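None of the figures in this text is laboratory data; all of them are computed from the coordinates on show. Treat the numbers as computed from the prediction; the structure is a model and nothing was measured. When we count neighbours, we look across all protein chains shown, and the Cβ atoms used for this are built from the backbone with ideal geometry, even at glycine.
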Amino acid sequence: MPESEVASTHYRILFLAALVLFMFTFFFNTIAEVVRQRLRRKYSSL
């Protein structure tokens, strides 16, 4: 980010890329947590 000017298109695209990566990570972690809880409930009686 140091090489891009503040408020330029490059600066905004870098922030957009970071936001998209964060959203994907949050989404997949949430899905994994739901699956983990369901599997834990299903196999807790073993």
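Some values worked out for this structure:
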| quantity | calculated |
| --- | --- |
| D_trans [Stokes-Einstein, Kirkwood Rh over alpha-carbon pairs] for the chain, 20 °C, 1.002 mPa s, µm² s⁻¹ | 162 |
| Cα-based helix-to-principal-axis angle, 9-42 vs the chain, degrees rounded to 10 | 0 |
| Simple Cβ-charge dipole of the chain, Lys/Arg +1 and Asp/Glu -1, about Cα centre, in debye nearest 20 | 620 |
| GluC sites (Glu not before Pro) restricted to DSSP loop in the chain with at most 14 other C-beta within 10 Å | Glu3, Glu5 |
| Cleavage-rule hits, chymotrypsin sites (Phe, Trp or Tyr not before Pro), the chain, DSSP coil, Cβ neighbours within 10 Å at most 10 | Tyr43 |
